[in-house]
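Q: Below: one structure in structure tokens.
What follows draws every value from the coordinates through simple rules; no lab data is involved. This structure is a prediction, so every number in the text was calculated from the model and none was measured. Please note: Cβ atoms are built from the backbone with ideal geometry, for glycine as well, and neighbour counts cover all protein chains shown.
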Amino acid sequence: MKALKARVVSVHAGSNDDLSKDERATIQVDLDGVVGDRHRSYSRTAWAGDKQPEGTVRRNERQWSAVSVEELAEIQKAMDLSTPLTAARLGANLCLEGIGELSRLPKGTLLKFPSGAELMVEEYNPPCHDMGKNIAADFSTCSGKEISSTAFSHAAKLTRGIVGVVEVAGSISAGDDITVEIYETPAWLVRSPD
């Protein structure tokens, strides 16, 4: 596996009505997710447009979410926001620095932390329409132009971050250096041309 180095800028947990999360110094991750977070569970209910019919109880592949400062800056610029767009405001559990294209990390990539905690990437986290409505209501632009309820979905397409599951329990703190092991198909699984 190819490895990158990155750093945890901030960590968050909670279940606020506006979908945001509270910044913490440290979060604890257990095998069912982030302690004290709305998404902590082994299972979740499918929503409209999900992989299964709405209401189906399924495995929770969204135990944690992460964004990067690099991609947040892209979204903020694309939306012409007059105030910073933060990971806490977007409801992410982790804000990372050093992975410019975080949203493109493949399924199976591992994030390894000093405590021994390991998080596995499941998929890209598409922009949420409800979050877009909240941002439109709460933010303003540098130009003074009104923000539409779909502006976030357009600006955050392919830069919204990632979601995944907890592989190994442990603690994650702001300032942690992390190793990112990018998933690559094992050589034994690739068919040779002969």
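Q: Which residues, taken from segment 76-97, are over 26 Å from residue 36 (Cβ atoms) and touching a residue at least 60 places away in the same chain (Cβ under 8 Å)?
A: Passing the criteria: 78, 79, 80, 81, 82.
Q: In this structure, is residue 173 of a type in the set (Gly, Ala, Ser) and either within 22 Å of residue 65 (Cα to Cα) or touching a Lys or Arg at 6+ places or on another chain (Cβ under 7 Å) (or both)?
A: yes
Q: In segment 43-58, how many residues are in contact with an Asp or Glu (Cβ under 7 Å, 6 or more places away or on another chain) and either on the phi > 0 side of the Ramachandran plot or surrounded by 14 or more Cβ atoms within 10 Å (Cβ to Cβ) (or both)?
A: Matching residues across segment 43-58 total 1.
Q: Need at least 1 residues that are of a type in the set (Gly, Ala, Ser) and more than 18 Å from residue 179 (Cβ to Cβ) per element, so show me which strands (runs of 3 or more DSSP E) inside segment 53-142 make the cut, counting only ones lying wholly within it.
A: 64-68
Q: May I ask you to say which residue of 102, 119, 96 is aliphatic (A, V, I, L, M) and over 25 Å from residue 153 (Cβ atoms)?
A: 119
Q: Mind checking which residues of segment 1-15 are out of contact with any Ser or Thr (no Cβ under 9 Å at 6 or more places or on another chain) and either surrounded by 14 or more Cβ atoms within 10 Å (Cβ to Cβ) or without any contact (Cβ under 8 Å) to a residue 24 or more places away in the chain (or both)?
A: 7, 13, 15 - these are the residues of segment 1-15 that are out of contact with any Ser or Thr (no Cβ under 9 Å at 6 or more places or on another chain) and either surrounded by 14 or more Cβ atoms within 10 Å (Cβ to Cβ) or without any contact (Cβ under 8 Å) to a residue 24 or more places away in the chain (or both).
Q: Of everything in segment 151-194 that's of a type in the set (Ser, Thr, Tyr) and either more than 28 Å from residue 116 (Cβ to Cβ) or part of a strand (DSSP E or B) (or both), which residue is farthest from the chain's Cα centre (by Cα)?
A: So, considering only residues that are of a type in the set (Ser, Thr, Tyr) and either more than 28 Å from residue 116 (Cβ to Cβ) or part of a strand (DSSP E or B) (or both), the one farthest from the chain's Cα centre (by Cα) is 192.
Q: Just wondering, is there one or more residues in segment 26-42 that are surrounded by 14 or more Cβ atoms within 10 Å (Cβ to Cβ), touching a residue at least 60 places away in the same chain (Cβ under 8 Å), more than 17 Å from the chain's Cα centre (by Cα) and at positive phi?
A: no
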